[in-house]
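The values are calculated or read from the model by the stated rules, or taken from the named source; none is laboratory data. Quick caveat, the model's predicted, so the values are computed rather than measured. Don't worry about glycine lacking a Cβ; one is built from the backbone with ideal geometry, like all the others, and counts go over all protein chains shown.
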Amino acid sequence: MQRISFFIPVFFLLSILSYGDNGVISRFILPFKDKEARYFFSYGNTFYFGEESKRTLYRVKEDYTLMPVDDMAGWYVLDAFIIKEKIYYCSRQRILTKENNKVKIIPVVGSVELLSLTADNTSLYLLDRRGDEYYIIRVSGDFKEEESFKCPGREPSDILCHDNALWVYDIKCRGIIKYDLNTHEELFTLYTGTDNSYSKGFVFYHNRLYVHNRGTSSLDLVEFKEGENAVFSLPGEISYEYKIENKNLSNEEVCKAEFRIPVPADFPGQAIKTLTWISTPDEMKADYYGQELAYFKKDLAPGSYFLLSYRADITSWAVMFKIKEMPLESLTKIPGIIQKEYLVSDPYFSMDSEIIKKAAIKARIYPGGKEPQGVKELVENITGYVITNLSYNQDDTWEKAEDVFMKKEGSCSEYSFLFSALARLNMIPTRLIGGFITDENFSTELKHNSNYSRYGSSFHRWTEIYYPGNGWVTVDVTAIDASDPDSYDFEFFFGKPRGRIALSLSGSIEKSGLGIDAYGYKYYRGGKREREYYIETISDKPLYQGNMNIITIPAPHDFFP
């Protein structure tokens, strides 16, 4: 019987490039670049990964040096796992293992293309791709199929058993799905932040989740916490300044200016730590929707300059809402006050337009022409219809939903207007969120690099829907349209990345204290004004608990020539 104790010699490593004090590890930098890292799993208190070209399995020792423990030279393998100290590999329609140093082939009857394998205390699970569909096969101790069921996700590539559940990595949706093997229920989807579809998987190490990032050849920590209706991941600290620069270019006339500035508040995945007004408001009051506004009045003398500004420090998380399919009739049971305020028309939604009414009927049954089976499918149908009929164009104007639909293009605000109209006509309450997107790769040193936006952020508007059983849930239609059309990336569908910060909310343009501009009401009389308003990102960095280390794992000395 093949054991992983070990007669294979340990190769000493040349150096450790970065090695911190004891504490949580935020990143393992791997010695195998690009495609060379093949798969990852943990066993006991350590973890293992496979290397592509040599078909070698390595164990990461306690000092983070590498020990080769097995090789499958000449064999096609996609994943490995250890069960009772014996190594098993998946390969095409079979399982491979070694007995007396010879490869033993175990056919898996009914499988087509095995991609991954894992095990819990009782069973072995295999991920099998069958054309465009994916299945989980549960096998017994003699590798006979006991159960087969569809695997959740759009393009699953890796599976692991952890915390009495099956975890599925989906490269198409860039998320990890937690799945209950007893109830066959998707418990939640977790946003990982890995921005490439070539990730080779993930590993739980000391109960912490690490995801392979091919772009940096590393395993990156994904910190997350589970709430009642959402899962929060990748915490970060964002500091920014909101600024409106005002100049009166007239040499003779006074410019009278008025402003109403939205005061950012706590949202799911967003907590305001500090907010400091650099310019003191004249008064503070809330509008119809409870949005707090800071009011300013200012007389700009001829040739004068006025800066309206505040600074905020925010803790922000990526959010993935837990969405279960709900029957369509549950829409009628949404609280009356929500229906009253967030199903009504608005001049910018054009809900009285015959064109929009017909579009709402078509959107309901898009794309297959059949009635949706539930609310989730209805939302997906409407979203798909919007992004099919619009293309993004920002021209510094905001037009009504009917005009946007006829032009077949619009900005993020106009996407939100049309989506709200079609959703409300289908009994789905919506509200508008105004905010900004920060570049999560932004740093002060790169502020003037042409590859980055001027201020490390840009204004944005998106939508929230009232989902039965959940409450208000983010749906960013513009971002979905910008993603892979086959993916409907999870961080945009029923969720948001960490660097999306809400500044204001409203149910309609008509009743909002901000009017059409979600980022601040501005009114000028007299003079010759010149203005610029923007969000300037001061810093955007991950927020880690405790002392975080980056560990570089060098290769065995014979790995590179």
### Task
Scan the stretch 131-174 for residues that are surrounded by fewer than 22 Cβ atoms within 10 Å (Cβ to Cβ), closer than 25 Å to G193 by Cβ and either in contact with a Cys (Cβ under 6 Å, 6 or more places away or on another chain) or not small (G, A, S) (or both) and report the count.
9
#### Entry: Qualifying positions in the stretch 207-231 - within 23 Å of Y125 (Cβ to Cβ) and either assigned to a strand (DSSP E or B) or within 14 Å of the chain's Cα centre (by Cα) (or both)
R208, L209, Y210, V211, H212, L219, V222, F224, E226, V231
### Task
Inspect all residues belonging to the stretch 271-278 and state whether any of them is part of a strand (DSSP E or B), surrounded by fewer than 18 Cβ atoms within 10 Å (Cβ to Cβ), touching a residue at least 60 places away in the same chain (Cβ under 8 Å) and on the phi < 0 side of the Ramachandran plot.
no
### Task
Using the structure shown, decide if Y125 is assigned to a strand (DSSP E or B) and either closer than 26 Å to E226 by Cα or over 27 Å from the mean Cα position of the chain (by Cα) (or both).
yes
### Query
How many residues are crowded, with 18+ Cβ neighbours inside 10 Å and either under 22 Å from R525 (Cα atoms) or assigned by TED's automatic domain parsing to the domain that holds S457 (or both) if we restrict to the stretch 248-270?
7
### Query
Do we find that F204 is surrounded by fewer than 22 Cβ atoms within 10 Å (Cβ to Cβ) and in a loop (DSSP other than H, G, I, E, B) in this structure?
no
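Among what's in the stretch 279-305 and is of a type in the set (D, E, K, R) and in contact (Cβ under 8 Å) with a residue 40 or more places away in the chain, pick the residue that is nearest to G227 (Cα to Cα).
D287
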### Task
Return yes when K370 is charged (D, E, K, R), in the same structural domain as S353 (by TED's automatic domain parsing) and without any contact (Cβ under 8 Å) to a residue 12 or more places away in the chain and no when it is not.
yes
### Query
Is it the case that M320 is crowded, with 17+ Cβ neighbours inside 10 Å and part of a loop (DSSP other than H, G, I, E, B)?
no
### Subset of the stretch 85-122 (residues that are assigned to a loop (DSSP other than H, G, I, E, B), small (G, A, S) and either surrounded by fewer than 16 Cβ atoms within 10 Å (Cβ to Cβ) or in contact (Cβ under 8 Å) with a residue 60 or more places away in the chain (or both))
G110
#### Entry: Residues of the stretch 236-286 satisfying the condition of being in contact with a Gly (Cβ under 8 Å, 6 or more places away or on another chain) and among the acidic types (D, E)
E253
### Query
Restricting to the stretch 330-353, what's the tally of residues that are outside any loop (DSSP other than H, G, I, E, B) and crowded, with 19+ Cβ neighbours inside 10 Å?
2
